[in-house]
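Asks: Below are the structure tokens for one structure; questions will follow.
The values are calculated or read from the model by the stated rules, or taken from the named source; none is laboratory data. In this text, all values refer to a predicted model and were calculated from it rather than measured experimentally. When we count neighbours, we look across all protein chains shown, and the Cβ atoms used for this are built from the backbone with ideal geometry, even at glycine.
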Amino acid sequence: MQLDASAPAVSTITLSRSSPNQTNLAAANPPSAPPSRRWPRDWPSQQQLLERQHGRLEDLLNSLIAEARTMGPLATAIGVPWDALDCRRLQRALGLHLRLEERWLAHWDCLDAGHRASHRLARTAAHRAGPCIGDSDANPTSYLKWLHGLREWFLVHRDGADAIAYSRADHAYRQQQP
Ligand SMILES: [Fe+2]
Ligand SMILES: [Fe+2]
């Protein structure tokens, strides 16, 4: 928090030294345009990004499981609602990854019906989490079970369907190269 609070002050000092005139300051720092996200178009870069997402998803699943194991009994004891847990972040990260992966694998003609069906199952499972839909019956045990189920799907899927499809996409990409 302290670092965040000090950042604008440091930035102001730097700007004042280089451009004491307010008009110059404005000209030197026009309102920034909204960041445009450009997705990579070549398979090696796409694969790199997808693998980074895999790594982040695994880390997120592991940390949520560890958090649920540690905090679960405490949260129950003090009456913290389970929907306060950050499973929505996991749902968003998983949703984005599945969308990108489907789009790019389809582009390289490497997304088969089984792979799509597996993603559909994961999406459905991810959005059925009691803690995320305000299920008052949700409890630490069911939350952990949900997380473990998602992690199991993720690990098996990454090393199975994804690995095969990525290898095919790599081959398709190389075929296109001059
Ligand atoms: Fe994946
Ligand atoms: Fe996949």
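Asks: Condition check: crowded, with 16+ Cβ neighbours inside 10 Å, modelled with pLDDT under 95 and under 30 Å from SER45 (Cβ atoms). Does ALA122 satisfy that?
Replies: No, not satisfied.
Listed here are the residues, each with its yes/no results for (1) at pLDDT 95 or above; (2) out of contact with any helix residue (DSSP H, G or I) (no Cβ under 6 Å at 6 or more places or on another chain); (3) of a type in the set (A, V, I, L, M, F, W, C); (4) more than 11 Å from ligand 2 (Cβ to nearest atom).
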residue	(1), (2), (3), (4)
GLU102	yes, yes, no, no
ALA106	yes, yes, yes, yes
ALA113	yes, yes, yes, yes
CYS132	no, no, yes, yes
THR141	no, yes, no, yes
ILE164	yes, yes, yes, no
SER167	yes, yes, no, yes
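Asks: Please identify the pairs in which a residue from region 150-178 that is under 16 Å from LEU98 (Cα atoms) and in contact (Cβ under 8 Å) with a residue 60 or more places away in the chain has its Cβ atom under 6 Å from the Cβ atom of a residue that is among the basic types (Lys, Arg) and surrounded by fewer than 12 Cβ atoms within 10 Å (Cβ to Cβ), counting only partners at least 6 apart or on another chain.
Replies: Listed by first residue and then by second, the contacts come to nothing, as the list is empty.
Asks: Residue pairs, Cβ under 7 Å, 6 or more apart or interchain, first in region 38-61 and closer than 16 Å to ALA93 by Cα, second acidic (Asp, Glu). List them.
Replies: LEU50/GLU101
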